[in-house]
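The values are calculated or read from the model by the stated rules, or taken from the named source; none is laboratory data. This structure is a prediction, so every number in the text was calculated from the model and none was measured. Glycine also receives a Cβ, built like all others from the backbone with ideal geometry; neighbour counts cover every protein chain displayed. In case anyone asks, the SASA skips ligands and DNA or RNA and just uses the protein heavy atoms, side chains included. Shrake-Rupley method; radii C 1.70, N 1.55, O 1.52, S 1.80 Å.
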Amino acid sequence: MYPDILLIGEALIDIVRRAGAKPEYHPGGSPLNVAVGLGRLGHRPILATWFARDELGRSIEKHCADSQVRILPGSDQALRTPTADAIVDEDGHADYVFDIDLQVPPLPMDFHGLVHTGSIGALIQPVATEVLSYIENIRSAFITFDPNCRPSIMGDVNNLRPLVEGYVEASNLVKVSDEDLQWLYRGRGTTEADLEELAKAWVGYGPTVVIVTMGAGGALGVTQDFTVRVTADTSHGLVDTVGAGDSFMAGLIHEIITGGYTEDQSGLGVDPHVLTTILTRAAAMSGITVSRAGANPPWLSELGE
């Protein structure tokens, strides 16, 4: 039986816009996407989020139910359901414009299992301080974090950087994109060696493993003792990148849970071979997601498991 998984953060509607095409509406938001990815891999995650009892909110509820995601009671009290305009360019890359107002529903203080958070629902106020305090004070959970920064909505990077680093310090495992590191550290991270150096610095804050995703360049897994690199899975082609990083994150959580690596909450004891396998399988999740429109992660059967 898998341990419980609690995900904290935004659920919204991605309005995907491509030149010459009608807008497409897809439930999204980084923590919701991770939750859906985990549900499709056989888990029954719990999502603590904030949406309204409107038509868009009902589509979020259905999307969650269809993928075995449970919604934490109290998550449906917003005045309107958040949206994100995802403007997709000819290369499939998406930029976002948000209409979002978040609160945090009452969180369980005796939660045992894995807690994941990140992106808007962890890094904008007033919710950011509340969520960080929660994960700093819950002692019975394995913590994962993905900043998934949205510069257009997160304000001054100099104010955000200490907040992100606070989450890193409180986490057992962190995933971060090269774009996030480049923005957070003002242009650093333009080379793989620099990304590794930044990740190594984050390992020094507390997490056992920091994973850096580099889009088509693959991913790095960095620990205090070693670094591994895996290539991106491009075998399925590219439609857009919406939800790619979230699928990778879901794959990471699935692999570390099924491998039993969350049982010792003091860290994540893996060797280079094991970490390479974990990252390769997470990259396979992401590779399938980018081959179809919107944040649509694969089911376990699509991974051949």
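For the stretch 10-70, trypsin sites (Lys or Arg not before Pro) meeting the loop criterion (DSSP other than H, G, I, E, B) and having at most 13 other Cβ atoms within 10 Å: ARG53.
Take the stretch 12-57 with all the other protein chains still there, run a 1.4 Å probe, and you get 36 Å² of accessible area per residue.
For the stretch 211-254, what's the relative contact order in percent, using C-alpha pairs closer than 8 Å and at least 6 residues apart? Please report the intermediate quantities before stating the final value.
Details: 34 pairs, mean separation 11.3, N = 44.
Averaging sequence separation for qualifying contacts and normalising by length gives 26 percent for the stretch 211-254.
Output the Kirkwood hydrodynamic radius of the chain, Cα pairs only, in Å rounded to one decimal. Numbers along the way, then the final one.
On the way: mean 1/r = 0.0529 Å⁻¹.
So the Kirkwood estimate lands at 18.9 Å.
Ligands, DNA and RNA excluded, the heavy atoms of VAL157 present near 20 Å² of accessible surface to a 1.4 Å solvent probe. Mind checking which of SER235, SER30, SER291 has the largest fluctuation in a GNM of the chain, springs on alpha carbons under 10 Å? Its mean-square fluctuation being the largest, the pick is SER235.
Does the stretch 183-233 come out rounded, prolate or oblate, given a ≥ b ≥ c as the square roots of the eigenvalues of its C-alpha gyration tensor, rounded meaning a/c under 1.5 and, failing that, prolate meaning a/b above b/c?
Values: a/c = 2.04, a/b = 1.13, b/c = 1.81.
Judged from the Cα gyration tensor, the stretch 183-233 comes out oblate (a/c at least 1.5, b/c at or above a/b).
Distance between the C-alpha centers of the stretch 229-305 and the stretch 65-112? Whole Å please. Cα centres, the stretch 229-305 to the stretch 65-112: 21 Å. Using C-alpha pairs below 8 Å separated by at least 6 residues, the relative contact order for the chain is 17 percent. Taking LEU220, LEU32, LEU132 as the candidate residues, the one with maximal mean-square fluctuation in a Gaussian network model of the chain, Cα springs under 10 Å, is LEU132.
Once you order the gyration tensor axes a ≥ b ≥ c over the Cα atoms, which shape class does the stretch 79-202 get: rounded for a/c under 1.5, otherwise prolate or oblate by comparing a/b with b/c?
Details: a/c = 1.92, a/b = 1.16, b/c = 1.66.
Here the stretch 79-202 falls in the oblate category.
Rolling a 1.4 Å probe over the protein heavy atoms of the stretch 105-146, with every protein chain left in place, gives an accessible area that is 55 percent carbon and sulfur. Shape of the stretch 137-197 from its Cα gyration tensor (a ≥ b ≥ c, root eigenvalues): rounded if a/c is under 1.5, otherwise prolate when a/b > b/c, or oblate? Oblate is the answer for the stretch 137-197, as a/c is 1.5 or above yet b/c matches or exceeds a/b.
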